[in-house]
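Input: a single structure, listed below in structure tokens.
No lab work stands behind these numbers, since they all come straight from the coordinates. Note that the structure is predicted; figures quoted are calculated from it, not measured. Neighbour counts are summed over all protein chains in view; Cβ atoms, including those assigned to glycine, are modelled from backbone coordinates with ideal geometry.
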Amino acid sequence: MAENVINKDIVKEENLVYKKTDLLTEKPLSYCPGCGHGTVHRLVMEVVEELEAQDKTVGVAPVGCSVLAYEFMDIDMQQAAHGRAPALATAIKRLFPENYVFTYQGDGDLAAIGTAETIHACNRGENITIIFVNNGIYGMTGGQMAPTTLPGMKSSTSPYGREVHSMGAPMKITELVAELPGTYYVTRQAVHTPAAARKAKKALKKAFENQKLQKGLSFVEIVSNCNSGWKMTPVQANQWMVDNMFPFYPLGDIKVPEE
Amino acid sequence: MKELRLMKGNEAIAEAAIRAGVDGYFGYPITPQSEVLEYLMLQKPEERTGMVVLQAESEVAAINMVYGGAGAGKMIMTSSSSPGISLKQEGITYIAGAELPCLILNVVRGGPGLGTIQPAQSDYFQSVKGGGHGDYRMIVLAPFSVQEMYDFVETGFDLAFKYRTPVMVLSDGAIGQMMEKVEVGEQKQRLSNEQVKERCPWATTGKDANRERNIITSLDLDPQQQEDFNHHLQAKYKEIEEKEVRFEEIQTEDAEYIFVAYGTSSRICQKSVQLARAKGLKVGLLRPITLFPFPSKRLLELSKQVKGILSVEMSAGQMIEDIKLAVECNIPVEHFGRMGGIIPSPEEVVEALEQKFL
Amino acid sequence: MTEEIIIAGFGGQGVLSMGKIMCYSGIVQGQEVTWMPSYGPEMRGGTANVTVIISDERISSPIISEYDTAIILNQQSMDKFESMVKPGGTLIYDGNGITRHPERKDISIYRVDAAAEAAKMETTKTFNMIVLGGFLKIKPIVKMENVIAGLKKSLPERYHHLIPVNEKAVNRGTEIVQEMQKA
């Protein structure tokens, strides 16, 4: 009964400061507390809602932590083989050019096993949106080294830290795809603070709206955290991200269409 | 009036795709099937029917484009040859696991590895037993002429959509490269997006207000649900085995021995039947047209009539295993084949029959 | 009627297109046809051959080990295919570049010096059509009018202005064999 009393007292329309979009399903998110994925999911669905495009948006989920993205987003979605999301999205978009089509991929999916699909979809200038959540680690499989793991950073497959001379340097694939003539808009954002999330949402909206222009691919990287993989508390993880990830992966637009 | 053309098998299947109203083709060049993509590009199918044709960055990307397009409910196909088909296995098992219709052409060349570009039939196991990981099957159609390369586009898509399953056309370098007379069909209209939504209410066409969202996935982390799904797949394959077996028999009525051969081998064996009959041997031919489902029931019947079966394949002997399973040890089953891109001569086949059985 | 033919020579001599025109002519005449080439890197500048079968009935094997007729345009092909002509069969060859002439006594042998003739006619590219004309004189399996119709079907429209030249070459080939048969 106590709950009801509280509800009656506080949950009133005029007190509402935040409400999840209807385009997120009622299913509780399966991500770790503190993980950035939930925020990015919300932003993407808010953008689709604002564009009034639920009936013409198709998403492609990757293999990785966000493999089950389709459980949370109330739109038509396909689940791709590891790294192949841009290939699926290419076909879906070309066969339904009037639809908004996006991929939602992590760093292992997009920048390791799916490098070829990523680069070629970008190079062909497919009129899709790629959302790239980069947390420098393989979360779902239990914290292995990713193509974007920082030098010296520990993971279960670089337990003494990433040694660049034997394991290679982290890949700045976002800068790489920005070099390709097929990309129209390339930006790097974060969602660790309300201000950053607001900026990221603007970028995502632009990336979706660009699909109407048919001028090429829009690529949005979100530098994010993985507190469980990094073995930190959520607050520590966000601070570590600010101190270590941002200097290597600086936030901001990388390629902006000329007006 | 019927329109007759002289075409390569690879060209015939490409023309058939345009005329059948196929929505998308995604491929990557490899000998001996590159003419499929070349022919499509030359024909400007975007202008003829609005068909999407794209040269992908790899066979892996191409089959995953097929996966995407098929998930959107469209008629999608790809083609490749053996090494490329190996690369496509990842996408094929996802397509089977997500129960999507599509058509995959394999113009088989000799292997293993890079092998040779000459014709072979050594991808039988890979085609009929699954190919990728997990318990799945594809319907496998084996054309023996350029006309059948043409005809099996429509047959294949009909079956693919009827059962929501990938269908493979298992051809070989000889049929892909050879030219024959082809009767081409009428140009069919591609389905409109509204028709696609009606035919495939499960497809990712965009969730409108009056339905739940559609999800194309092969993932189910709950073992019980995954087992239930596997039972569902197996029931589907059983139904296919009951309803969709296709084969052709040549002079089996009075036969004491039969050849079992598909595709190019079955063409060779037709001549071998003539040669053997000229020698007074009562020989016939059973040509499986579907390799999965396999004409096992008919072979079991024939095993009560004939004294022996010679499986003739351009491989070390793969289909012979299915023949042996079918005839339940009633009669001896022997293999004759050539490998590495060599096509056996009709005379060799008759000699093998005589050596093994007479 | 079933005629099993091998046409063999260098890539670029029009071996494959000669076979195609034969097949198209057969289709126009209501016959069954198959055209089975050798393919692959060996064709790039090397030898090319094609097996053509024209028949009134459904064709069984497109690949065969002996032929009713062999049309031979270089020495390598002579070495490979002379022995594969059926006894009583026919061998037609161009003497240009041939160092060892055919030796079999159980087959009919015709030498049609088409390369030299085409050079005389100043249309070297119609060399294969002269050979085709010669073959059709020996084995009239398709009517000449159907050959011209086949030629039209086989050539892209932008080359249709070349049909008269090709027709002339086919006729010249026929004459050469006719003269040979008289002699």
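Numbers below:
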item: Restricting the range C:56-127 to trypsin sites (Lys or Arg not before Pro) in coil, as DSSP defines it, with at most 10 other Cβ within 10 Å; result: C:58, C:100, C:105
item: Relative contact order [Cα under 8 Å, 6+ residues apart], the range C:48-147, whole percent; result: 18 percent
item: Residue order, fewest to most surrounding Cβ atoms within 10 angstrom, among C:180, B:314; result: C:180, B:314
item: Helix-only CD estimate at 222 nm, as mean residue ellipticity for chain B, using -39500 (n - 2.57) per DSSP H run (n ≥ 4); result: -13000 deg cm²/dmol
item: Share, in percent, of DSSP beta bridges within the range B:247-357 that are antiparallel, nearest 5; result: 25 percent
item: Degrees between helix B:9-19 axis and first principal axis of chain B (Cα, 0 to 90, nearest 10); result: 40 degrees
item: Beta bridges by DSSP in the range A:33-251, antiparallel share as percent, to the nearest 5; result: 10 percent
item: Of B:8/C:152; B:181/C:120; A:20/B:207; B:44/C:152; A:27/A:205; B:2/B:88, pairs whose Cα-Cα distance is over 27 Å; result: B:181/C:120; B:2/B:88
item: Cβ-based exposure ranking for A:131, A:119, C:53, in which fewest neighbours within 10 Å come first; result: A:119, C:53, A:131
item: Percentage relative contact order, the range C:2-182, counting C-alpha pairs under 8 Å, at least six apart; result: 22 percent
item: Percent RCO, i.e. relative contact order, over chain B, from Cα pairs under 8 Å lying at least 6 residues apart; result: 18 percent
item: Fewest-first ranking of B:283, A:164, using other Cβ atoms within 10 Å as the exposure measure; result: A:164, B:283
